[in-house]
Amino acid sequence: MLGGGGLAAVNVYATASEGSTEGPTRNAQALASGAATIDCPDVGSQLTAVPDGARTEVDNELSVLDKQIAEAYQRLQSSEKAIEQDSNFADSSIMNPLKEKRAATIERILIAIDRVGDRPEGLEAFAPCVLRASGNNEDAQGGEQDGEQGEESQAPGDQSQAPGEQSQAPGGGDQGGAQPGNGGQAGNGPVAADFVDIKSVQPNVQNPQGGDNASTGSFATSCGVNANGVFNSDNVIVAPGVTNGAHHFHDYVGNQDNDAFASDEDLAGADTTCENKGDKSSYFWPVLRLQNGADEKDANSPGGAIEGNAGEIITPKQVTMKFVGSPSGDVAEMPKLLRIITGDAKAFVNGPANANASWSCTGLEDRQLKDKYPLCPQGSDVVRTFKFQSCWDGRNIDSANHRTHVAFADAAGNCAGGFKAIPQLVQRIVYDVDAPSIQDGGKTTPLFAVDSFPENLHKPITDHGDFINVFEEDLMKEMVECINGGRNCGAGGGGGGGGGGEEPGDEPDPEPTATETPDAPDDGDNGGDNGGNGDDDGADNGGNNGGDDGADNGGNGGGDDETPDPATSAPQATEPAGGNGGNGGNDGNDNGDDGADNGNDNGDKPTTEPKSDPSPSAAETDAAAGGSGDDVDTAVPGPEPTDANDASAAGESGSLAETGTQLWPAAAGGVLVILGFVLLRRIRAGAE
């Protein structure tokens with residue numbers, strides 16, 4: 001009895017002590033997990049007010065912080081052997097120097113602000129960073145990295161192969177020749193658990209009901225798919241004047257003066273890929289890459305393979321952009337040069353609070369994911385959707401943290417006090433990419449992933465979109481009048497594949513003017529965006545197949561096989577949405593009507609098979625589809641990032657399975673205590 005009780009007490013105490021570890025002990029535990037990343041508090045998000053006189057210097061120093069993290073992460077990746085030989089190497093050679101560099105940079109930020117305004121309090125506490133288990137090794141499944149790996153099975157993202165032992169890992173110099181892993185990510189992701197079968201996700205799209213005063217119109221703009229290949233790793237919004245300020249590559253459409261050094265005057269005078277030349281706005285987002293080991297032109301460039309962004313860049317099949325109204329009333333004009341960022345490029349370490357981008361599949365867009373990539377069935381394409389903030393503070397075109405000058409409306413579509421409703425940009429990007437072979441880690445059919453900051457491991461939750469409004473004032477006024485008047489307008493608004501603009505091998509279309517289509521019932525805007533909506537009983541956003549100029553197939557109208565869930569009153573689609581919602585027809589005005597009626601009767605039974613059979617673990621997802629899949633901790637004061645609580649994806653400490661593994665000695669001790677009582681009772685009974 002004494003021995004069992006002692007065993008239980010000691011084990012419980014030891015387990016509790018492990019849960020409270022900080023600093024070097026926690027770093028050692030993260031390294032012991034087999035794959036770790038660097039988690040630093042986001043200084044930029046804390047700076048909600050920076051005087052104009054300090055803004056340029058502060059932006060530059062914030063970009064220095066990003067560079068310091070990227071360099072530290074690359075050093076962590078390339079130091080596996082040194083860490084194995086010296087358990088203190090990561091702290092002494094990586095984490096402590098990073099803390100010192102960050103402290104010096106933060107002090108320069110404080111001095112710059114203090115020089116022209118009030119010095120922020122408490123920012124010094126954001127200097128320390130911690131290592132955290134990435135979950136990549138635990139969650140990865142399947143096969144060999146390249147065929148050259150022999151019998152040792154490794155999934156993409158497995159770090160047991162030290163970076164640099166095949167070709168160089170990110171940060172390791174020459175990227176020529178065969179790249180390690182599927183696409184050369186070398187422990188940087190993605191992994192099998194980052195993917196989920198879209199058909200296992202329940203419908204979860206909810207849109208606010210418009211009131212009597214709702215502005216129900218829309219305005220479409222068609223700006224191409226970046227077929228001419230305009231890329232860079234700058235970000236003129238977050239890091240103006242800084243080369244490689246994003247540390248990952250962006251696709252650009254619209255404005256063609258898109259580097260970090262573009263001034264407001266440069267943007268206003270630039271060329272545009274938009275069909276309506278009055279729209280010189282800049283639209284950009286992280287590129288999507290196929291992890292197939294192909295060398296792109298950025299293979300030896302910062303922001304490219306040097307920082308873990310490797311593989312073939314996929315050109316979108318279709319890009320549609322539509323500005324929509326407010327459920328609560330009229331919208332006001334956007335100010336020229338307004339900057340908006342939706343989503344969070346650092347959401348894997350920051351937490352999901354600002355993770356607004358969504359992933360889905362054509363024909364199934366009533367099911368949206370934030371923290372997983374979708375595995376789409378055969379014949380269905382991958383879709384990224386960005387909904388931008390639709391409330392503006394009425395004064396500023398930007399803010400110090402690039403967020404507080406705009407906001408999302410509440411659940412009823414209302415803007416907070418002092419903010420006014422503006423047209424909401426809804427951006428939809430479609431890719432013709434096969435579902436990867438999860439069972440062998442993408443060896444047969446490669447994985448795909450968005451570019452990311454290196455330490456954010458190409459997680460889907462880091463997806464984001466950027467927008468700078470450079471509409472001519474007359475065209476912006478026309479947009480607002482159209483939306484408030486309940487009409488569907490805009491260049492390219494009649495539907496058409498490729499989202500307008502130039503397609504490879506196509507002759508450019510003549511420049512159209514902004515046209516209005518009064519009272520047109522959802523005309524397959526911009527290549528079947530919402531595909532005529534499949535209004536009656538069809539899945540939301542059932543479109544996507546509109547051909548050039550809307551002549552081919554105004555999109556999938558959605559099936560009629562959804563039935564309400566009695567518990568939630570939400571539609572529970574059990575089969576792929578079916579039907580081609582009518583023909584887009586010339587200018588897209590043959591609208592596919594109800595979707596179900598003109599859906600060629602394909603909605604009653606499945607007509608497609610999955611492109612691949614996902615592994616069971618990858619099929620588990622949070623139906624709400626929000627969160628990074630990992631607990632996010634911080635070793636410094638201040639608000640901690642939100643925890644996504646997706647234990648099935650992360651496999652990190654705190655899960656029930658892991659707790660049971662750690663506490664088995666305590667359980668054994670408890671059994672011994674019980675057996676002791678039984679034995680004592682029998683001895684006593686025998687004596688009597």
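The values are calculated or read from the model by the stated rules, or taken from the named source; none is laboratory data. Only a predicted model underlies this, so the values are computations on that prediction, with no experimental measurement involved. As a convention, Cβ positions derive from the backbone with ideal geometry for all residues, glycine included, and neighbour counts pool all protein chains shown. Quick note on the areas: whole protein, heavy atoms, side chains included, nothing else; ligands and nucleic acids left out. Shrake-Rupley method; radii C 1.70, N 1.55, O 1.52, S 1.80 Å.
Hey, can you rank 78-84, 255-261, 677-683, 60-66 by average C-beta count inside 10 Å, highest first? Present the calculation step by step, with values, prior to reporting the outcome.
Working: 78-84: 16.1, 255-261: 19.3, 677-683: 10.4, 60-66: 21.9.
Top to bottom by mean Cβ count within 10 Å: 60-66, 255-261, 78-84, 677-683.
Amide H neighbours of residue 50 under 5 Å, counting only residues 5+ apart in sequence or on other chains, H built in-plane at 1.01 Å?
Hits under the 5 Å cutoff: 400.
Spelling out what I want: for every residue of region 332-345, take phi, set θ = phi - 60°, compute 6.51 cos²θ - 1.76 cosθ + 1.60 (Karplus), and round to whole Hz; glycine and proline get x.
So the Karplus estimates, Gly and Pro as x, are 9, 5, 6, x, 5, 6, 4, 9, 9, 10, 10, x, 9, 5 Hz.
List, in order, the whole-Hz ³J(HN,Hα) value for each residue of region 311-328 obtained from phi through the Karplus relation with A = 6.51, B = -1.76, C = 1.60 and θ = phi - 60°; use x for Gly and Pro.
With coefficients 6.51, -1.76 and 1.60, one gets x, 6, 6, 9, 6, x, 6, 7, 10, 10, 9, 9, 9, 10, x, 10, x, 9 Hz.
In what sequence, largest accessible area first, do 339, 487 appear using a 1.4 Å probe?
Working: 339 25, 487 55 Å².
Most to least solvent-accessible, the answer reads 487, 339.
With labels modelled as points extended 7 Å from the Cα through the Cβ direction, what inter-label distance (nm, one decimal) is found for residue 216 paired with residue 46?
4.9 nm
Quick one: if you stick a label point 7 Å off each Cα along the C-beta vector at residue 408 and residue 378, how many nm between them?
Spacing of the two 7 Å Cα→Cβ label points: 3.7 nm.
With a 1.4 Å probe and all protein chains left in place, how much accessible area per residue does region 238-371 have, in Å²? Present the calculation step by step, with values, prior to reporting the outcome.
On the way: 3530 Å² over 134 residues.
Value for region 238-371: 26 Å² per residue.
By how many nm would the segment from residue 678 to residue 416 lengthen if fully extended, with 0.36 nm per residue of separation less the alpha-carbon distance?
Values: separation 262, 0.36 × 262 = 94.32 nm, distance 6.62 nm.
Full extension from residue 678 to residue 416 adds 87.7 nm.
Check residue 381: other-chain or 5+ apart residues with amide H under 5 Å from its amide H, H built from backbone geometry?
362
If amide H atoms are built 1.01 Å from N in the plane of the peptide, which residues on other chains or at least 5 residues away come under 5 Å of the amide H of residue 188?
It is 157, by chain and number.
What is the Cα centroid distance between region 386-438 and region 214-280, reported in whole angstrom?
17 Å
What distance in nm separates the two pseudo spin-label positions at residue 88 and residue 685, each 7 Å out from Cα along the beta-carbon direction?
In this crude spin-label approximation the distance works out to 5.9 nm.
Which trypsin sites (Lys or Arg not before Pro) from region 254-310 combine a DSSP loop assignment with at most 12 other Cβ atoms within 10 Å?
Values: sites: 277, 280, 289, 297; in loops: 277, 280, 297.
Answer in residue order: 297.
Measure off, as a whole percent, the carbon and sulfur share of the 1.4 Å-probe accessible area of region 34-85, all protein chains present.
Details: 930 of 2130 Å².
Carbon and sulfur atoms account for 43 percent of the accessible area of region 34-85.
So what are the ³J(HN,Hα) numbers for region 297-308, from phi and the Karplus equation (6.51, -1.76, 1.60; θ = phi - 60°), rounded to whole Hz, Gly and Pro as x?
5, 9, 4, 10, 10, x, x, x, 5, 4, 10, x
Using a Förster radius of 22 Å, what is the FRET efficiency between residue 119 and residue 337 based on their Cβ-Cβ separation? Nearest 0.05, please. Walk me through the intermediate numbers first.
Working: r = 29 Å, r/R0 = 1.34.
Efficiency computed from Cβ-Cβ geometry: 0.15.
Using 1/(1 + (r/R0)^6) with R0 = 30 angstrom and r between the beta carbons of residue 297 and residue 271, what's the FRET efficiency to the nearest 0.05? Spell out each step's value before the answer.
Numbers: r = 22 Å, r/R0 = 0.72.
It comes to 0.85.
Rounded, prolate or oblate, given the Cα gyration tensor of region 35-120, with a/c below 1.5 counting as rounded? Intermediate results must be reported in sequence, preceding the final value.
Details: a/c = 3.45, a/b = 2.87, b/c = 1.20.
Note, shape of region 35-120 comes out prolate.
By how many nm would the segment from residue 111 to residue 473 lengthen if fully extended, with 0.36 nm per residue of separation less the alpha-carbon distance?
Numbers: separation 362, 0.36 × 362 = 130.32 nm, distance 3.93 nm.
Residue separation times 0.36 nm, minus the Cα-Cα distance, leaves 126.4 nm.
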